[in-house]
1. Starting with the highest mean, order 36-47, 154-165, 178-189 by the number of other Cβ atoms within 10 Å, averaged over the residues of each peptide.
2. For Cα pairs less than 8 Å apart in space and 6+ apart in sequence, what is the mean separation divided by the residue count of segment 151-284, i.e. the relative contact order in percent?
3. With a ≥ b ≥ c taken as the square roots of the eigenvalues of the C-alpha gyration tensor of segment 198-239, please select rounded if a/c is under 1.5 and otherwise prolate if a/b is larger than b/c or oblate if it is not?
4. Taking springs between alpha-carbon atoms closer than 10 angstrom, which of ILE98, ILE264, ILE143 fluctuates most in the Gaussian network model of the chain?
5. If one takes the longest principal axis of the Cα atoms in the chain, at what angle in degrees, from 0 to 90 and to the nearest 10, does the Cα axis of helix 88-106 lie?
6. Any aspartates and glutamates with Cα under 12 Å of the LYS233 Cα? List them, leaving off those in the same chain fewer than 8 positions away.
7. Please tell me the relative contact order of segment 1-108 in percent, rounded to the nearest whole number, where contacts are Cα pairs under 8 Å and at least six residues apart.
8. Could you state the orientation-averaged shadow area of the convex hull built on the Cα atoms of segment 110-207, in nm² to one decimal?
Amino acid sequence: MRASATGWSDDVARVVDRLKSLHDGDRGVSDAVALGPKVVPAMRDLLLQRDPSGLFHMRVRAVDVLAALRAYDVLAEFLRRERTIADAVEKVGDDVVIDSAARGLARSRQDWAFDLLLALAERHHFTSGVVAALGSFRRRESIPVLIAALAEDEARLSAHDALKAIGRAARPALIDSATTPHPSTGNESETSLRRRRSALTLLIEIGLPVRSWPRLRGLMSEPDTQLAALACKLCIGSARRCERPAAIARLQSLHANAQWSERIEIERTLAACGVGIGGDPSHA
């Protein structure tokens, strides 16, 4: 079979042309996979191309083909590359491709792939796909990185799901995170607050032993309404029953100055306790 000007055989070149199509490029993925390993060099060429326009569809399709053919070494080569992309548009597109490659690499379930994804995340590449791919291994070694990702808007949901899947093993680190403001108690950043709120939310969902509650009790007095309300909710579900009235009273006091969405959540928590905004906490 003749080789094209790119060095690819005609059938590979046709598949590449289809992958580049805006209309039926997705169909080209199955065609490329059907060609088997001989298409891998062409997919590598497509993947490693920079695209200043920010368009990513063709490269994501190349990732899909490489993952389907288990060409994990090519995906790893791409993820290991150093990047200095100044243009914001190009960076957005490149991040989408990185996310896709990370998810594809995670399908290998290999220890070396986990190590690569962990190193990528540790460089603070907290994109949704990288965090989700790392979390899919459910390894304890990833807990610190996943907790750090809770502070990032783009990665928070993926980090939350990953930590919830890890479950009880993540509990000690979540307690530490919930009780550690950064850089300091009197000068806490908004990203630190987001991380701590997310940690408390996870502790509510995972569950907290009664013996662990004392470390978190002080959070009910936090000046941040959302953080204090979450701590109160955790108290109601995890502390000794004798502590419940204090948590309910604190929720009632928080309600007046809370934002609308926070008020709704406080009202739901109180209603679950059988108490209204002005009800007697001791009757709960």
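1. Details: 36-47: 18.0, 154-165: 20.2, 178-189: 13.2.
Taking the mean over residues of other Cβ atoms within 10 Å, the ranking is 154-165, 36-47, 178-189.
2. Values: 141 pairs, mean separation 23.5, N = 134.
Over segment 151-284, the number comes to 18 percent.
3. Note, shape of segment 198-239 comes out oblate.
4. ILE264
5. Its long axis makes an angle of about 90 degrees.
6. GLU205, GLU243, GLU265, GLU267
7. 24
8. It is 5.6 nm².
Every number in this text was worked out from the coordinates using simple rules, so none of it is lab data. All values reported here derive from a predicted model rather than from experimental measurement. Positions of Cβ are backbone-derived with ideal geometry, glycine not excepted, and every protein chain shown enters the neighbour counts.
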